[in-house]
Amino acid sequence: MNNQNDSKEIFTSGYNCCQTVLVKYCEEHGLDAHSALKIASCFGGGMAKGHICGVVTGALMVLGLNHGYVSNEAQEQKQIAKTYAKDLQDAFIKEFGTLHCKELLGCDTSTPEGKDEALKLGLFETKCPRYIEFTIEYLEEVLDS
């Protein structure tokens, strides 16, 4: 499976960045695509406020599906999940300098003016695919381990 190409298709067809990442991995982890798309729908654009990039939140959801825990007594599994979450965020910051959508794009897409600027500059076509590709590559590496 070529997740990068598939993800680019998903993103360019109108789904947000979080949906793009989560839907790629949902079914192999027991979550149907319909539910995944709905769950992730409010996380794009930094939770619609320019905060943590939706690519990162989608990847954290995938890591939770793969390495998460369902029992409060699962202390070892809790630590494993936290470690994966921290490592992903550290890798993203190392690569791009921040986790925040506003900073990644250089404008605040939660405002009409910021969204217009992002569209005018083609940021969704030029910047966001890089963040998606990096994160998919990261997930491919850690999910195979």
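Compared with the dominant Cα axis of the chain, that is its longest principal axis, helix 54-67 is turned about 10°.
Which of K8/K38; K49/K115; K24/K102; K49/K127; K49/K78; K82/K127 have a Cα-Cα distance over 23 Å?
On the way: K8/K38 19 Å; K49/K115 11 Å; K24/K102 25 Å; K49/K127 18 Å; K49/K78 29 Å; K82/K127 28 Å.
Check vs 23 Å cut-off fails for K24/K102; K49/K78; K82/K127.
For segment 1-111, just say rounded, prolate or oblate: build the C-alpha gyration tensor, square-root its eigenvalues into a ≥ b ≥ c, call rounded for a/c under 1.5, and beyond that prolate if a/b exceeds b/c, oblate if not. Cα axes put segment 1-111 in the oblate bin. Of the GluC sites (Glu not before Pro) found in segment 53-104, those in coil by DSSP whose Cβ has at most 11 other Cβ atoms within 10 Å are E73.
What accessible area per residue comes out for the chain, rounded to a whole number of Å², with a 1.4 Å probe?
Numbers: 8070 Å² over 145 residues.
That works out to 56 Å² per residue.
Leaving ligands, DNA and RNA out of it, report the carbon-plus-sulfur percent of the accessible area of the chain at a 1.4 Å probe. Numbers along the way, then the final one.
Values: 4100 of 8070 Å².
In the chain, the share of accessible area belonging to carbon and sulfur is 51 percent.
Mean-square fluctuations from a GNM of the chain, with a 10 angstrom spring cutoff on Cα atoms, peak among Y69, Y25, Y15 at Y69.
The values are calculated or read from the model by the stated rules, or taken from the named source; none is laboratory data. Not measured: the values here are computed from a predicted model. Using ideal geometry, Cβ is built from the backbone for each residue, glycine included, and neighbour counts are taken over all protein chains shown. When the accessible area is computed, the model is the full protein with side chains, heavy atoms only, and any ligands, DNA or RNA have been set aside. Shrake-Rupley method; radii C 1.70, N 1.55, O 1.52, S 1.80 Å.
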